[in-house]
Amino acid sequence: MPLDDTLAQASELVSDDFRILPAQPPNRGTILKTRSQKQQSKDHSTRITSGELFSIFLKAGLAFGGGLGILAVMEDELVSKRHAVSRDEFLSIYGIARIVPSGTMTALAVAYGYKFGGLSGTVIALTALSLPVFVLTIALTIAYHYLRNSRLFDLLPVTIMPAALALIVVAALKLGKDVFRPSLELIIAGVAFSLALFLRLNPALILLAGGALGALVLQKAEEQNDTKKKGSEK
C-alpha cells in the first residue's frame, strides 16, 4: 500500500476518534438537582443539633438583664459564632416575636426551636430557656425569706442593678449597630423611639406601622438604586 494512502487512512481514523461534538444544553433536571445539592449543603453547614440548641437556650436563660440580656446571648450564639442566621433575619424574627401576644423570648424560643429542630426542637428550646428561670426563682425566693432583713439587700442598687443596665445597653448597641448610620432605617427607628417614649403607644402598633412604612419606603429606595445602576452600566 502506498505511503500516501496509509497516511490518509490514519488521518481519517484520528479525525473520527477525536471529533468535537456540539455542546449540549444543560438538562432542567440536572439544574434542579444541582440547586438541591447546594441547598442541602447550605442547610448542613448551618445545622444545629439538639444538644447545641439546648446549650444555646440554657445559656440564654442564665443571662442577666431581662429580655435584652437574653437577646444578646442569642445574637452572639446564632449570628456571630455559628452563623446559623443572618443579622437581618435575626432582627426580623425578633420584630415578629414582639408582635406576638406572649413573652418575646418565649416566642423566639419557639421560632428558633422549630426552625432548627421541628416540634422536638421547640420543646427543647422552651425547656432550656425556662429551666434556669424556674430554678433561680425558687432559690431567690428561699434566699429572700432568710435574708430580707440583711444588709446585703442594700448593696443591690449599687452592684447588680448597674451591671444589668450595662448588659442591656451593650445588647441594644450590638443589635442596632447596623442601623446607627445615616439611612432611612435610622429615621424610622428614631420616629418609633419617639412614639414609644413620648406618646407611649403600644409597641405592637409601632412595629406594625414601622414594618409597613419601612417596606414601602425601602422598596422604592432599592428600585431607584437599581435604576441608577442600570443607567450607569449602559
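The values are calculated or read from the model by the stated rules, or taken from the named source; none is laboratory data. It should be emphasised that the depicted structure is a prediction, and the values quoted were computed from it without experimental measurement. Quick reminder, even Gly has a Cβ in these numbers, built from the backbone with ideal geometry, and neighbours come from all protein chains shown.
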Does segment 119-127 include one or more residues that are under 30 Å from the mean Cα position of the chain (by Cα) and at pLDDT below 90? no
Across segment 111-121, the tally of residues that are free of Cβ contacts under 8 Å to residues at least 60 places away in the same chain and surrounded by 20 or more Cβ atoms within 10 Å (Cβ to Cβ) stands at 1
May I ask you to list the residues in segment 138-167 that are among the polar types (S, T, N, Q), within 22 Å of Gly66 (Cα to Cα) and exposed (fewer than 10 other Cβ atoms within 10 Å of the Cβ)? Thr141
Need pairs with beta-carbon distance below 9 Å; first residue farther than 17 Å from Leu58 by Cβ and within segment 135-146, second surrounded by 10 or more Cβ atoms within 10 Å (Cβ to Cβ) and modelled with pLDDT of 80 or more; sequence gap 6+ or separate chains. none
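Here's the yes/no breakdown for (1) modelled with pLDDT of 80 or more; (2) of a type outside the set (Ser, Thr, Tyr):
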site: Leu136; (1), (2): yes, yes
site: Ala139; (1), (2): yes, yes
site: Ser150; (1), (2): no, no
site: Leu155; (1), (2): no, yes
site: Leu184; (1), (2): no, yes
site: Gly190; (1), (2): yes, yes
site: Leu199; (1), (2): yes, yes
site: Val217; (1), (2): no, yes
site: Ala221; (1), (2): no, yes
So Val169, is it aliphatic (A, V, I, L, M), at pLDDT 75 or above and in contact with a Gly (Cβ under 8 Å, 6 or more places away or on another chain): no
